[in-house]
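Down below is the structure, laid out as structure tokens.
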Amino acid sequence: MELLFEGKDVFIVIEPINEGSFISVEINGKILEDTADVINGELKPNSSRLYHLASFDDSYEKLLKLKISGHVRLFTFTFG
């Protein structure tokens with residue numbers, strides 16, 4: 001899944017369906033610094049909640065790419 005956005009922070013609400021599901025997260029084709037939820041470019045959702053995908057110093061246009069392995073439900077994106 002790809003999404004063009006503008007913002008300093010990216011969040012998403014995820015509900016994992018299967019244990020062991022994970023999501024690879026890239027911005028502009030690169031793995032970014034870790035957040036509380038994304039480590040080495042991977043998010044491993046363990047409960048239905050809001051997850052912090054990325055944080056930036058400036059708000060400019062970026063391309064978010066998510067590769068989903070397993071089964072999860074994605075509900076909403078929010079941007080700061």
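Filter segment 24-41 for residues that are within 15 Å of residue 65 (Cα to Cα) and surrounded by 15 or more Cβ atoms within 10 Å (Cβ to Cβ) and give the result.
If the condition is that a residue be within 15 Å of residue 65 (Cα to Cα) and surrounded by 15 or more Cβ atoms within 10 Å (Cβ to Cβ), then 24, 25, 26, 27, 32, 38, 41 are the ones that fit.
Within segment 1-21, work out how many residues are of a type outside the set (Asp, Glu) and either assigned to a loop (DSSP other than H, G, I, E, B) or surrounded by fewer than 16 Cβ atoms within 10 Å (Cβ to Cβ) (or both).
Step one: list which residues in segment 1-21 are of a type outside the set (Asp, Glu), which gives 1, 3-5, 7-8, 10-14, 16-18, 20-21.
If we keep only those that are either assigned to a loop (DSSP other than H, G, I, E, B) or surrounded by fewer than 16 Cβ atoms within 10 Å (Cβ to Cβ) (or both) as well, we get 1, 3-5, 8, 13, 17-18, 20-21.
Of the residues in segment 1-21, 10 are of a type outside the set (Asp, Glu) and either assigned to a loop (DSSP other than H, G, I, E, B) or surrounded by fewer than 16 Cβ atoms within 10 Å (Cβ to Cβ) (or both).
Where the second residue is among the small types (Gly, Ala, Ser) and surrounded by fewer than 15 Cβ atoms within 10 Å (Cβ to Cβ) and the first is within 16 Å of residue 8 (Cβ to Cβ) and lies in segment 42-57, which pairs have Cβ atoms under 6 Å and are six or more apart or on separate chains?
As it stands, the answer is 52/36, since those pairs meet every condition given.
Going through segment 63-80 one residue at a time, which ones are within 14 Å of residue 11 (Cβ to Cβ) and either assigned to a strand (DSSP E or B) or in contact with a helix residue (DSSP H, G or I) (Cβ under 9 Å, 6 or more places away or on another chain) (or both)?
64, 66, 74, 75, 76, 77, 78, 79
When segment 39-62 is examined, which residues are found to be assigned to a loop (DSSP other than H, G, I, E, B) and touching a strand residue (DSSP E or B) at 6+ places or on another chain (Cβ under 8 Å)? Can you show your working first?
Step one: filter segment 39-62 for residues assigned to a loop (DSSP other than H, G, I, E, B), giving 40-41, 44-48.
Hits for segment 39-62 are 41, 44, 45, 46, 47, 48.
Readers should treat all values here as calculations from the given coordinates under stated rules, not as data from a laboratory. Quick caveat, the model's predicted, so the values are computed rather than measured. Reconstructed Cβ throughout: ideal geometry from the backbone, glycine too, with neighbour counts over all protein chains shown.
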